[in-house]
1. Placing +1 on the Cβ of each Lys and Arg and -1 on the Cβ of each Asp and Glu in the range 41-170, which of Thr155, Met144, Leu110 has its Cα farthest towards the positive end of the resulting dipole?
2. For Val28, Val85, write out the residues from largest to smallest accessible area, computed with a 1.4 angstrom probe and no ligands counted.
3. Quick check: at a probe of 1.4 Å, how many percent of the accessible area of the range 28-138 sits on carbon and sulfur atoms?
4. Given 0.36 nm per residue, what is the gain on full extension from Ser115 to Arg75 after removing their alpha carbon distance, in nm?
5. Working from the pairwise distances between different alpha carbons, so that the mean of 1/r is found and then inverted, what is the range 32-188's Kirkwood radius in Å?
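The values are calculated or read from the model by the stated rules, or taken from the named source; none is laboratory data. Source: prediction; values computed, not measured. All Cβ positions, even for glycine, are placed from backbone atoms using ideal geometry, and neighbour counts span all protein chains on display. All accessible areas refer to the heavy atoms of the entire protein, side chains included, with ligands and DNA or RNA removed. Shrake-Rupley method; radii C 1.70, N 1.55, O 1.52, S 1.80 Å.
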Amino acid sequence: GLHTGSVEIWSMRSGTVQDVEKTEDMQVYWSDLTGGDVRRAYRAMDRLAALSDKAMEFLQSRLQPPAGVEENIPRLIKDLDHDDVAVREKAAKTLSEIGPFAEPALRQALKTATSAEAQVRLTQLVQALERYVDIPSGFSLGRMRAIQTLRRIGTPAARKALQTLAEDSPSEREHRMAREALGRPAPQ
């Protein structure tokens, strides 16, 4: 709404299926999904939804843990209690970015943390993962938008991917989002 009493309405949809068939590499769409520009993110979601089966394969590959991430989590958690502040900050930032994959290990580490520094940092990371209203950054944001895109695709394969996330995702936030997406019909 404007101060003059007028209301402006913008369409979040852009382009048609014909436009989508001429588009560049899907990696660009992933960059848009993980980026901070909402307009570009929604445009990427539209294009991916229009690509349906091709997008399904691509999004499922992006919803898998990145190579080597799970092996680094114990070291990163240990670094939260490192003597060097820069090492602690870097570990916290990295764990925040890979949040969905680190969540189970973070929760377990919080139960056994012995130092006050580690407890504070682990608590902050776990609380950030629990807050449903917080907008995550980067990779986690891309995953949330991918879940929304799967809902928009709405095919049986997309619903199956959402069901898998609702059951198997290490992230509580992703569990909730996938369950909610399954409960809503795909937009027409």
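1. The one lying farthest along the dipole's positive direction is Thr155.
2. My answer, sorted largest first, is Val85, Val28.
3. The value for the range 28-138 is 51 percent carbon and sulfur by accessible area.
4. 12.8 nm
5. Numbers: mean 1/r = 0.0609 Å⁻¹.
Here the Kirkwood hydrodynamic radius works out to 16.4 Å.
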